[in-house]
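Inspection log for the structure reproduced underneath, given as structure tokens.
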Number of protein chains: 2
Amino acid sequence: MKKLTLFLFIFFGPTGYSQEVPADAKEAIKAIYTEALGQQQGYQWLHHICTEIGPRPSGSEASNEAARYTMQMMLDAGADTAWLQPVEVPKWHRGDEWSKAYAGGAPISLPTTALGGSVPTPEEGVKAEVVEVGSFEELEALGEEGIKGKIVFYNTYMDHSLISTFNAYGGAVKYRWAGAMEAGKYGAVATVMRSVTLLRDDLPHTGAMSYGDSEVKVPSAAISWQAADKLSAMLEGGKVELELYLDCGVQGTATNYNMIADFKGSEKPEEIMLVGGHIDSWDLGQGAQDDGAGCAHAMQVPNLMRKTGYQNKRTVRVVLWANEEFGLDGAKEYARWAKENGVHHWVAMESDGGGDVPRGFGIGADDDRIEQVRTFKSLLSPYGLHVFAKGGGGADLSPLRGYDNFFIGYRPESQRYFDFHHSARDNIDAIHPRSLEMGAASMSALYYLLDNLD
Amino acid sequence: MKKLTLFLFIFFGPTGYSQEVPADAKEAIKAIYTEALGQQQGYQWLHHICTEIGPRPSGSEASNEAARYTMQMMLDAGADTAWLQPVEVPKWHRGDEWSKAYAGGAPISLPTTALGGSVPTPEEGVKAEVVEVGSFEELEALGEEGIKGKIVFYNTYMDHSLISTFNAYGGAVKYRWAGAMEAGKYGAVATVMRSVTLLRDDLPHTGAMSYGDSEVKVPSAAISWQAADKLSAMLEGGKVELELYLDCGVQGTATNYNMIADFKGSEKPEEIMLVGGHIDSWDLGQGAQDDGAGCAHAMQVPNLMRKTGYQNKRTVRVVLWANEEFGLDGAKEYARWAKENGVHHWVAMESDGGGDVPRGFGIGADDDRIEQVRTFKSLLSPYGLHVFAKGGGGADLSPLRGYDNFFIGYRPESQRYFDFHHSARDNIDAIHPRSLEMGAASMSALYYLLDNLD
């Protein structure tokens, strides 16, 4: 009786779309989770990508090795077609990098990493007085008089009071992206910044930066949270000099690949249900959370459907994009190709928030469509899915916006994500197998339900 | 306007209780989370308990050291009274312990730990043929003929398909609790079991077992997940002998202490809002998740109220119970004392599910009361709290049942908990500072809201 009520509610739900939820939806979804949590196939794939292949920065051969490996895994899982789409990307190089602070006594070494896109220092490094700022406003107030010839230290923070750490990241990352560009205007010789993280750790976190259109390009690095605390405390005691050495930079271009695998639909094969993550990573860690987890999630979506005996009506397409981190090249190339070939994405879902336990989805669509997805809540809430927010998709789906218009972003728990993000800590042991698989099953269950809508 | 609507809904909510939500509730709750996530005082306390004091098994001096430390911390945080309540407990002893499997070739060492309450083996150990069972039904079917003189190996599992790992634990723990008692009936000379965990690791997990009223007491141990896989594979190849050595047992009794700290209410000091965790732990790890986290949570509840400038109307009482793990002695003694002294617990909340991110609460109360708590949902859901389930409290509150009748169990995310539970992995690095503090803030926010009800 209870079941019937549920079914009727969904069938006559408050949307403009006709809807069908299979009579055995509850059992089918349970089977998807059971398969994911038992076999842990997504974790096994991710384990290989992390430990056998490793970091996959833009332009690396490792990125291509991961593309070939995942293509084979998708064929083994029953993909009808799987292929590699070439993408021209900048080739990022990182060599030795370090910094030392001087305040009278012995120099203090600070864990340091070049930001992605930074120019190198001269071979002899740069050594200059440090000036600390807490914001662009403080930088501006100091002006050329206070900045020229110095190293600017952005002692800036993610806002710990924000519950979504992605929101906190959004507020802090501007100092990473534009810190060197802004400081260069006032004659700074280099910049360092407190790593964009919430963990009070001693590892530096990298990430992309930009000089914009500026001709002035000063070397730019991140130092660890604890190093930033140390440097700030030294500056309270008086003048501090910093010596910075960075061997890094873009060394031409290289070819990386998007991996594209199709699991053909039995009824509407021309309607594509895209699910993806990005196969590249930064170079300091194995890219387990960012975004190996998203790749494992995406690969599991059709695999879990097929393993539980479900034949998708629409075509489920797995796309693992090349070089998200350093220019979004893979996503742009995929979108260009899709438009050129008149591909219709009935829906597109991205996972690029790590492998922690599920919280829900962000849905980028018209209001009726959002309400339609929300009618699945009662079927999905037993699995911890309670967020069905407006606005979804992620960076790699952005080039498809305006072309197709139904996007979903998977939203895992965010508390731990920036502990690992872009650092040497982002390795396979950052991944909790059950939590990862819960995410894969959640995405697969949602796609199963969507596939059954008219 | 939106705010007003919310307020009216709560005020005229569908319950029989008169209700008041302070006009600034939203801001007060935000302040509680901000304080928790900034200062991370609960994590700092827990860090001390784990790293400076360490494992706190029943009868240990470390349990008393932790009681004294937390009492001082509560006084420092502004407690009006704080005291130690003596509790007589069994003194648990663990010495050397190991096992080796023989199947023709060189012996294979298996990571092994005595279950809590097991008798020791003879000094020369026990060595016997292994018989594997997957359930009590299989044990019974083998009977005395198949069991006598052998070591029973319970190759039993937590059900990986259950989303709540606490439910999965509930289904598997009977083999730990009663495995030796049942096997003893058929003449087994010892038992070993697959550790009760979901992580496919190589550490054994201990926990309480019982011989019931049986005169027959056979030594009982857990082996790691990977050792159980190994042993099972060896048994597929033919006969296997196991040699087991356990130096363990109860060595009389000792005095431990409940820590009780009162933060007096300004309007209804005689109405107690109890919040607690248990201060003891098993002996293999530091007891960070089980239940140092719960102690830190409980201690933070009044501390966060006071730090954000809130004066509680009712008395907030922190109770850290002695010896939950090995007999619930602290909880029984507290309940005895409370009844003897006519203490009225208006509400009692327990945290004994670890320090992961919040999911919600279990509420053990009459239906009207549950509905009343559910009206707080809109104020608490921005912090990830979405479970407001019927049935709450935990083991340490159970002796109060029937005496007072409004219990709450804090429910964190459960996916990782049994990775650490009762093992050498349950150390401070099992705790994620922000996640722990989110829990403390969630409990404090709920108590703030409850304190404002008539």
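The values are calculated or read from the model by the stated rules, or taken from the named source; none is laboratory data. If you're wondering where the values come from, they're calculated on a predicted model, not measured in any experiment. Counting neighbours? That spans all protein chains shown, and the Cβs are built from the backbone with ideal geometry, glycine included.
Look at A:Thr308 and say whether it is within 30 Å of A:Met193 (Cβ to Cβ), hydroxyl-bearing (Ser, Thr, Tyr) and either assigned by TED's automatic domain parsing to the domain that holds A:Gln415 or touching a Pro at 6+ places or on another chain (Cβ under 9 Å) (or both). Spelling it out, it is not the case that A:Thr308 is within 30 Å of A:Met193 (Cβ to Cβ), hydroxyl-bearing (Ser, Thr, Tyr) and either assigned by TED's automatic domain parsing to the domain that holds A:Gln415 or touching a Pro at 6+ places or on another chain (Cβ under 9 Å) (or both).
Condition test on B:Asp80, is it over 21 Å from B:Gly439 (Cα atoms), free of Cβ contacts under 8 Å to residues at least 60 places away in the same chain and not assigned by TED's automatic domain parsing to the domain that holds B:Val130?
Values: over 21 Å from B:Gly439 (Cα atoms): yes; free of Cβ contacts under 8 Å to residues at least 60 places away in the same chain: no; not assigned by TED's automatic domain parsing to the domain that holds B:Val130: yes.
Judged against the criteria, B:Asp80 is not a match.
Please count how many residues of segment B:237-289 are at negative phi and part of a strand (DSSP E or B).
So in segment B:237-289, the residues at negative phi come out as B:237, B:239-248, B:250-251, B:253-286, B:288-289.
Narrowing further to those that are part of a strand (DSSP E or B): B:241-248, B:250-251, B:253-263, B:268-278.
Count: 32.
Just to be sure, is B:Asp352 more than 14 Å from chain A (Cβ to nearest Cβ) and in contact (Cβ under 8 Å) with a residue 24 or more places away in the chain? It is true that B:Asp352 is more than 14 Å from chain A (Cβ to nearest Cβ) and in contact (Cβ under 8 Å) with a residue 24 or more places away in the chain.
Restricting segment B:250-264 to residues that are within 20 Å of the chain's Cα centre (by Cα) and over 21 Å from B:Ala208 (Cβ atoms), the residue that is surrounded by the fewest Cβ atoms within 10 Å (Cβ to Cβ) is B:Ile260. Determine whether segment A:292-305 contains at least one residue that is within 14 Å of another protein chain (Cβ to nearest Cβ) and either crowded, with 23+ Cβ neighbours inside 10 Å or modelled with pLDDT of 95 or more (or both). Scanning segment A:292-305 turns up at least one residue that is within 14 Å of another protein chain (Cβ to nearest Cβ) and either crowded, with 23+ Cβ neighbours inside 10 Å or modelled with pLDDT of 95 or more (or both). If you check B:Arg416, B:Arg434, B:Arg369 for being touching a residue at least 60 places away in the same chain (Cβ under 8 Å), surrounded by fewer than 21 Cβ atoms within 10 Å (Cβ to Cβ) and not aromatic (Phe, Trp, Tyr), only one passes: B:Arg369.
What are the residues in segment A:159-197 that are within 14 Å of another protein chain (Cβ to nearest Cβ) and acidic (Asp, Glu), if any?
Within segment A:159-197, the first condition is being within 14 Å of another protein chain (Cβ to nearest Cβ), and the residues that meet it are A:159-169, A:197.
Selection gives A:Asp159 alone.
Go through segment B:326-344 and give me each residue that's of a type in the set (D, E, K, R) and surrounded by 24 or more Cβ atoms within 10 Å (Cβ to Cβ). None - no residue of segment B:326-344 is of a type in the set (D, E, K, R) and surrounded by 24 or more Cβ atoms within 10 Å (Cβ to Cβ), so the list stays empty.
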